[in-house]
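The values are calculated or read from the model by the stated rules, or taken from the named source; none is laboratory data. These numbers were taken from a predicted model, which means no experiment stands behind them. In this analysis, Cβ positions are derived from the backbone assuming ideal geometry, glycine residues included, and neighbour counts consider all displayed protein chains.
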Amino acid sequence: MDVGVIGVGSMGRNHVRVYSELKGVDNLYVYDSLEKNAEAAKEYATICRTIDELLDASEAVSICVPTKHHYDVAMCVIEAGVHCLIEKPMTLTLDEAERLLNAIRSRDLVVGVGHIERFNPIVAEIKRIITSPAYVEIKRHNPGSSRITDSSVVEDLMIHDIDIVFNVLFPEREDYTISSAGTRNVCEALIRFDSSIVSLSASRLSSKKFRTFYVEEEGVTTEGDFMTQEVYIYRKPEKYFKEGERYLQENIIEKVLVSKVEPLKVELRAFLDAVKNRSEFPVTPEQALRNMKVCAEISRGLV
C-alpha cells in the first residue's frame, strides 16, 4: 500500500518513522508547507511539492498538520477519495467537526481519528479488569510544548482521558454531569455518572511528566501508568490483624502482565488494516465528535 503523511512536524515525523517500519507499506510520501520539515523526512519518504501530488500517489494518508488546518486538509483529502487518519482533535471547532462528519458520511471511505492512547496496551487491560468503577482518577501532566499553539490543555492532553472515560469505561452513557475549573494550561474536571465519580486533571505547567490512572471498585483497586505500561491490582482478602495497637489490613497485590508496545505503531497498523479490509477504524469520527463536545463542556470552566 502506498501511504502519505501531510504535515511533518514532531507528530508527523513519528508517523513517517513508524510507517517506514510497517510491513505492507510499499511507498511512503510526505508533504509539508514548510520545506525544511519535509526535508527532515527524506531519509524515509519521497517529498511531494503539493498536497495534490501526494494524494495522487497515496491510497491512505495521515493528517498531522496543526489543528487549525485539520478541517481544510481533511476536506481536501476526502474530496479526493483518499482514506485518512486525522490526528486528534478532529477539528478546531465543533461546527467544523459536524460539517466534516457530514462529508465523511457521504463517502465510502475509511476515516479515523488518532486518539493514540486508545491503543496503549494498558487500556485493553483496563477494559478487561474493570467492571463497575465507583471512583476513577486520571492525571496527565506535561512540561509545556512549543508545538501546541491553538489548543487549550483540555483539547491537547485531557482529551485522551475523555476518550478513555466515555468510550472504554462508560461507553455510550449520556447521563452525566460535569464541573470544571482551570486555565488554558491547567484544568481539573469532575464527571459524575449516576453513583460513579471520575476526576480528570491535566497540566502543561508541570516540571515532571506523568500519566497515571487509579480506579476503585468494590473489593478491588487498580492503578497504572500509561508511560511505563504497568498495571497493578489490589484485592482485599478481608484479613485484619492487630500490631502494636494498630489494626492492619493485608492486601493481595497482583502485577498484570502487559505486552509493551509503541501505541502509535498499533494505531497505524490498525488504520492500514481498516483500509485494507474496508472496516471501521476503532476511533470513529462520531466518537471523536463526542469527545470534542465533552471538551467544550469542560472548557466552560476555564478562565
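Residues that are closer than 16 Å to residue 267 by Cβ and free of Cβ contacts under 8 Å to residues at least 60 places away in the same chain within the stretch 1-49 comprise 5, 12, 13, 16, 17, 20, 23, listed in sequence order.
Close contacts from the stretch 161-177, counting a first residue that is free of Cβ contacts under 8 Å to residues at least 24 places away in the same chain and a second that is surrounded by fewer than 15 Cβ atoms within 10 Å (Cβ to Cβ), with Cβ to Cβ under 6 Å and a gap of 6+ residues or different chains, come to 177/192.
With the structure loaded, tell me whether residue 244 is small (Gly, Ala, Ser), at pLDDT below 95 and either surrounded by 18 or more Cβ atoms within 10 Å (Cβ to Cβ) or at negative phi (or both) or whether it fails that test. Taking the combined requirement at face value, the residue does not satisfy it.
Tell me yes or no: at least one residue of the stretch 142-149 is buried (at least 18 other Cβ atoms within 10 Å of the Cβ), closer than 30 Å to residue 259 by Cα and modelled with pLDDT of 95 or more. No: the stretch 142-149 contains no residue that is buried (at least 18 other Cβ atoms within 10 Å of the Cβ), closer than 30 Å to residue 259 by Cα and modelled with pLDDT of 95 or more. Residues of the stretch 175-203 that are in contact with a helix residue (DSSP H, G or I) (Cβ under 7 Å, 6 or more places away or on another chain) and either among the charged types (D, E, K, R) or not in a strand (DSSP E or B) (or both): 184, 185. Looking at the stretch 126-142, is at least one residue closer than 26 Å to residue 31 by Cα, part of a helix (DSSP H, G or I) and of a type in the set (A, V, I, L, M)? No, there is no match, as no residue in the stretch 126-142 is closer than 26 Å to residue 31 by Cα, part of a helix (DSSP H, G or I) and of a type in the set (A, V, I, L, M). Taking the criterion of being of a type in the set (Asp, Glu) and at pLDDT below 95, the only residue of the stretch 218-229 that qualifies is 218.
For the stretch 250-279, a tally of residues being closer than 23 Å to residue 11 by Cβ and either hydroxyl-bearing (Ser, Thr, Tyr) or part of a loop (DSSP other than H, G, I, E, B) (or both) returns 3.
In the stretch 188-202, which residue that is farther than 22 Å from residue 230 by Cβ and in contact (Cβ under 8 Å) with a residue 24 or more places away in the chain is farthest from the chain's Cα centre (by Cα)?
Per the stated criteria, the residue is 195.
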